[in-house]
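Working notes, beginning with the structure itself.
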Amino acid sequence: MLYEKEVCDQLFHINGYNRLLAELKPSSVEQLAMVLAMMRPGKRHLLPICKKNGFEFIKNDIWTKNDDGSYVFKHAHAISYASVIIVQLNLICEQISYGYS
């Protein structure tokens, strides 16, 4: 459901990025956190590498400080946001299962 536009548009911090999520297919909280970090300008240069080779190829570079000292989305923040997204996704699943609107 994470990759469906209608669901993705309801989720905190990733609404509007359903195509990117569908392309990268994060399958863990850690990978979703990496996607959140790559959405930031400071780490966008890692997107083509991740698309071509997968999350393992960017794992060592995603949380490092930029050479120019610019702000980097921190690992703890990304994990926290990814966790919130998972909670929201679970709530949406419950709403669907129990017929809430």
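Any read-out appearing in this document is the output of simple, stated calculations on the displayed coordinates, not a laboratory observation. Treat the numbers as computed from the prediction; the structure is a model and nothing was measured. Don't worry about glycine lacking a Cβ; one is built from the backbone with ideal geometry, like all the others, and counts go over all protein chains shown.
Listing for the model above:
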{"read-out": "The chain: Rg to Rh, with Rh as the Kirkwood radius over Cα pairs", "value": "1.01"}
{"read-out": "The chain, helix-only ellipticity at 222 nm - DSSP H runs n ≥ 4, -39,500 (n - 2.57), divided by all residues, nearest 500", "value": "-15500 deg cm²/dmol"}
{"read-out": "About the Cα centre, charge dipole magnitude for the chain (Lys/Arg +1, Asp/Glu -1 at Cβ), debye", "value": "280 debye"}
{"read-out": "Selected from Leu32, Gly42, Cys8, residue furthest toward positive end of dipole (region 1-69; charges at beta carbon)", "value": "Gly42"}
{"read-out": "On Cα atoms only, tilt of 75-98 relative to the major axis of the chain in degrees", "value": "20 degrees"}
{"read-out": "Total formal charge among the other residues, if their Cβ is under 15 angstrom from that of Tyr81, Lys/Arg +1 and Asp/Glu -1", "value": "+2"}
{"read-out": "Relative contact order for the chain, counting Cα pairs under 8 Å that sit 6 or more residues apart, in percent", "value": "28 percent"}
{"read-out": "16 Å Cα-Cα reach of Lys5 towards lysines, excluding residues that sit fewer than 8 places from it in its own chain", "value": "Lys25"}
